[in-house]
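Comments concern the structure below.
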């Protein structure tokens, strides 16, 4: 069997998508996160959150919720909150 080159590996595996979906589910069912527009991506245990939330507390809560999901090792965020669009967590 020939070895795979980095370019042959798909950017997201089904395990990555399953992890991202678990994080999306946790964010969706959290009462305080309703109304947020958060995109979730996962790659090898690292979850990236991007989008718009209402305030800094919601950005922090989204990060905490993502970290609570089994399989998440690290969370990167580029969340922007509406009360100051130039602020990022």
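Derivation of every value follows stated rules applied to the coordinates shown; laboratory data play no part. Computed from a prediction, not measured in an experiment: that's the story for all the values here. All Cβ positions, glycine included, derive from the backbone under ideal geometry; neighbour counts span all protein chains shown.
Out of the residues in segment 12-31 meeting the condition of being surrounded by 15 or more Cβ atoms within 10 Å (Cβ to Cβ) and touching a strand residue (DSSP E or B) at 6+ places or on another chain (Cβ under 8 Å), tell me which one is farthest from residue 57 (Cα to Cα).
Checked segment 12-31; the qualifying residue farthest from residue 57 (Cα to Cα) is 16.
Only one of these is closer than 14 Å to residue 22 by Cβ, under 13 Å from the mean Cα position of the chain (by Cα) and part of a strand (DSSP E or B): 79, 49. Name it.
Unique residue meeting the criteria: 49.
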